[in-house]
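Take a look at the structure below.
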Amino acid sequence: MRSRPFLRFALGAALFLAACAFPLRAPLEAVPTDLDHYLTDSGWRGDFRISPNGLRLLWIEQAAGGEFQIVAQRVAGGEEARIAVGRLASSGTVFNQLSWLGDSRHIAWLRDETGDENTQLWVQDTNAPGTAPRNLTPWPGAKSAIHTTGGPRGTSMRIVSNRRDPRLFDLIGLNYATGETTDVARNPGDVDGWISDFVSGELAGRLRAESGTRILEIRETADGPWRELRRWPITGSYVRALNRGRKSLILATNQVHNTLALVRVDLESGEETLLFRDPKLDVSRSFYNGAADRVYAVQTDPGYPSTRILPAELGEALAKLLRENLKEDLLGFELQSADRAINRLVFRTHTRSGSQELLFDRKSARITVLRDSRKHPLAAALALSEPVVIPARDGRELHGYLTRPPGHKGGPLPLYLAVHGGPWLRDYFLARELNPGAISRGNTGSQQLVQRGFAVLRVNYRGSEGYGEEHLLAGAGSLGDRTQDDVEDAVRWAIREGIADPARIIATGGSFGGYSVLKQLVRSPELYRCGINVFGVADWRRQIERQPPYWWPYKETYHRNYADPGTPAGLAELHRISPVHQLDLIRAPLLIIHGRNDIRVPIEDSDDVHAGLQRLGRASHYVVYEDEGHSIRSVRNRLTAWRNTDAFLKRCVQ
């Protein structure tokens, strides 16, 4: 399943590292102060976003002590407004964790203080930075999320929340100036998603879930009847924009081709027009101008991120300015945000020596550098993530990324295999930069590890998104078998290529990646020196039966990809692929990490693995974070974790 607002087992190498805080019998070795910058780089700033009117910027900044704050400032300069945000919700559990609101004055973000994913919406007026932020959804036991951010006039936005019924998300109007709420649409019991008109913000569509199928219904007026427009399998199409005034629907769909292509559908005739398609890669992001009814940027991720600016004149002007500004070859770039008029755009560029965040002003044809990682004091010590292609045993091409210490002259290194979660997610290129907040696709884990002499390998096994539906579905029914073959094949490839020291292989991963760690240690105990399992699934029956109530639309996806615990055959299959029943085969020392408030993988999975290994006399270290869930967000926890993990890895590979 592709990235969903409420169903994402996402965890990158940064979080694999940042979760370990077990007590060691031996005293910890001190970590050099300069390495603390990888998690507490005071003054780090990034993830810039332009306001809808193009006059202001916001960004994330790490303050003294490592905690994060939002900073807002006018593009023209002036006083910076600093806003303490608390614990931002993990980007792996919500679709939009931080955003400008439509008036270009207020900022909204989602907080998750305990990790239970009952996210709450907070708002701050940047014109009054001295006032306290306001919690506009202080509803106990409810999950709320941003649906639309409103227009330039007024202070109305829309949110979704399950405060009425834990299973269902209703659409709610919210006045972010007064905090008043109004019901817009109550979920009748089968709606998996609401769709608002891109221009007017009115409710214009809904997605109903029915037996593994999604049914797109639209209506012509605010109180008109619903009519079916399209239906597709759950992994088949995704609505990018609906513009009722222009009779236009923008879809990312693989219903005609294997990869997700971008198409426009005429709402009256149903006629479909192809806008963009890559024969090998899914569209990963797209940007749409509602006033012009035009997609103006599309991103794919073949290795380095690739963004195509669709108006040719804009793309040519931008490319010229980028070449002049960077003064080195461009590996790739990403569009991060744009104003309503598409006059000011924020880009992130990547070169072999680092990354930049840039503000491009179309009217003046000028670029302003917002951040340049190449000027960081530690820039020379940072490593570049290189795309690699790995052959699987059955001939399938697997794409991944390899990071080695800068200046490495060859020869095998201890290998840190970082297996991504999901499984219906993927690994991306990690920039040569510090990103201590893991706000987006940060690489704190990789950068810390290469300082210790590790090679870091990540692989997009079958079942990963991004490479077409065939690759995505190739893992269905075999996530404990052929997908695990892919993970092992990546390690053996690294050994054959002289990249990895076969005596010093560490398997690490979180969520489904943690499950893969356990499966690797069970399947090939001779291959791995040790393992790190971060809130990994150990018992699939329990995971499927204990899912949050609002995951009901995805039950059939789990049954198809794993098995149905409601049948004898399904129970037998789930028992077969669950590592908790095969612990006697594990020989390598294992570090287990879990958040007490994890709603995605029951903590009992890790309890049982640790207890079982202890009974067998195997080396098992276990830590439970009482104030975390399915990610490690506290900077205090992350910093302590790195120091302890560093000591654990040293003991493992010596």
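Can you tell me how many residues in the stretch 308-338 are out of contact with any Lys or Arg (no Cβ under 8 Å at 6 or more places or on another chain), at pLDDT 90 or above and buried (at least 18 other Cβ atoms within 10 Å of the Cβ)?
2
Among the strands (runs of 3 or more DSSP E) confined wholly to the stretch 281-335, which include 1 or more residues that are closer than 21 Å to ASP47 by Cα and touching a helix residue (DSSP H, G or I) at 6+ places or on another chain (Cβ under 7 Å)?
Correct list: 306-309.
Taking the stated definitions as given, is ASN187 part of a strand (DSSP E or B), modelled with pLDDT of 95 or more and under 24 Å from GLU217 (Cβ atoms)?
Here the answer is no, as ASN187 does not meet what is asked.
Given the condition modelled with pLDDT under 95 and within 21 Å of the chain's Cα centre (by Cα), answer yes or no: does some residue in the stretch 574-593 qualify?
Scanning the stretch 574-593, I find at least one residue that is modelled with pLDDT under 95 and within 21 Å of the chain's Cα centre (by Cα), so the answer is yes.
Do the conditions hold for THR273, that is, is it buried (at least 20 other Cβ atoms within 10 Å of the Cβ) and either under 24 Å from the mean Cα position of the chain (by Cα) or at pLDDT 95 or above (or both)?
no
Which residue pairs have Cβ atoms closer than 9 Å, lie 6 or more positions apart in sequence or on different chains, and pair a first residue in the stretch 535-562 that is outside the structural domain of ARG596 (by TED's automatic domain parsing) with a second residue that is in a loop (DSSP other than H, G, I, E, B)?
From the stretch 535-562, no pairs qualify.
With GLY212, GLY179, GLY115 as the choices, which residue is surrounded by 18 or more Cβ atoms within 10 Å (Cβ to Cβ), on the phi > 0 side of the Ramachandran plot, of a type outside the set (Lys, Arg) and out of contact with any Ser or Thr (no Cβ under 6 Å at 6 or more places or on another chain)?
Going through GLY212, GLY179, GLY115 in turn, just one is surrounded by 18 or more Cβ atoms within 10 Å (Cβ to Cβ), on the phi > 0 side of the Ramachandran plot, of a type outside the set (Lys, Arg) and out of contact with any Ser or Thr (no Cβ under 6 Å at 6 or more places or on another chain): GLY115.
Filter the stretch 403-423 for residues that are touching a residue at least 60 places away in the same chain (Cβ under 8 Å) and either crowded, with 24+ Cβ neighbours inside 10 Å or among the polar types (S, T, N, Q) (or both) and give the result.
Hits for the stretch 403-423 are LEU415, TYR416, LEU417, ALA418, VAL419, HIS420, GLY421, GLY422, PRO423.
I'd like the full set of residues that are surrounded by 16 or more Cβ atoms within 10 Å (Cβ to Cβ) and either at pLDDT below 95 or more than 25 Å from ARG633 (Cβ to Cβ) (or both), limited to the stretch 134-159.
Those that are surrounded by 16 or more Cβ atoms within 10 Å (Cβ to Cβ) and either at pLDDT below 95 or more than 25 Å from ARG633 (Cβ to Cβ) (or both): THR148, GLY150, GLY151, THR155, SER156, ARG158.
Any residue that is among the hydroxyl-bearing types (Ser, Thr, Tyr) and modelled with pLDDT of 95 or more - is there at least one of those in the stretch 624-647?
For the stretch 624-647, residues among the hydroxyl-bearing types (Ser, Thr, Tyr) and modelled with pLDDT of 95 or more: absent.
Report yes if some residue within the stretch 437-454 is assigned to a loop (DSSP other than H, G, I, E, B), assigned by TED's automatic domain parsing to the domain that holds ALA538, modelled with pLDDT under 95 and touching a His at 6+ places or on another chain (Cβ under 8 Å); otherwise report no.
Scanning the stretch 437-454, I find no residue that is assigned to a loop (DSSP other than H, G, I, E, B), assigned by TED's automatic domain parsing to the domain that holds ALA538, modelled with pLDDT under 95 and touching a His at 6+ places or on another chain (Cβ under 8 Å), so the answer is no.
Identify all residues within the stretch 336-377 that are in a strand (DSSP E or B), among the charged types (D, E, K, R) and more than 26 Å from the chain's Cα centre (by Cα); write none if there are none.
ASP361, ARG366
Give me the pairs, please: first residue somewhere in the stretch 273-290 and without any contact (Cβ under 8 Å) to a residue 40 or more places away in the chain, second residue anywhere and among the small types (Gly, Ala, Ser), beta-carbon distance under 7 Å, and either six or more positions apart or on two chains.
Note: pairs meeting the criteria are LEU274/ALA261; PHE276/ALA261; ARG277/ALA261; VAL283/ALA252; VAL283/ALA261.
So which residues in the stretch 600-619 are assigned to a helix (DSSP H, G or I) and farther than 26 Å from GLU545 by Cα, if there are any at all?
Within the stretch 600-619, GLN614, ARG615 qualify.
Kindly provide the set of residues from the stretch 620-641 that are in a helix (DSSP H, G or I) and surrounded by 22 or more Cβ atoms within 10 Å (Cβ to Cβ), ordered by number.
Those that are in a helix (DSSP H, G or I) and surrounded by 22 or more Cβ atoms within 10 Å (Cβ to Cβ): ARG638, ALA641.
Please go through the stretch 369-393 and pick out each residue that is without any contact (Cβ under 8 Å) to a residue 60 or more places away in the chain and either among the charged types (D, E, K, R) or under 30 Å from LEU314 (Cα atoms) (or both).
The answer is VAL369, ASP372, ARG374, LYS375, LEU384, GLU386.
When ARG529 is evaluated against the numbered criteria (1) basic (Lys, Arg); (2) touching a helix residue (DSSP H, G or I) at 6+ places or on another chain (Cβ under 6 Å); (3) within 24 Å of ASP116 (Cβ to Cβ), which criterion, by number, is the only one it fails?
Every condition holds for ARG529 apart from (3).
Is it fair to say GLY514 is in the same structural domain as ALA392 (by TED's automatic domain parsing), assigned to a helix (DSSP H, G or I) and closer than 28 Å to ARG596 by Cα?
It is true that GLY514 is in the same structural domain as ALA392 (by TED's automatic domain parsing), assigned to a helix (DSSP H, G or I) and closer than 28 Å to ARG596 by Cα.
The values are calculated or read from the model by the stated rules, or taken from the named source; none is laboratory data. This one's a predicted model, so the numbers in the text were calculated from it and none came from an experiment. Backbone-built Cβ (ideal geometry, glycine too); neighbour counts: all protein chains shown.
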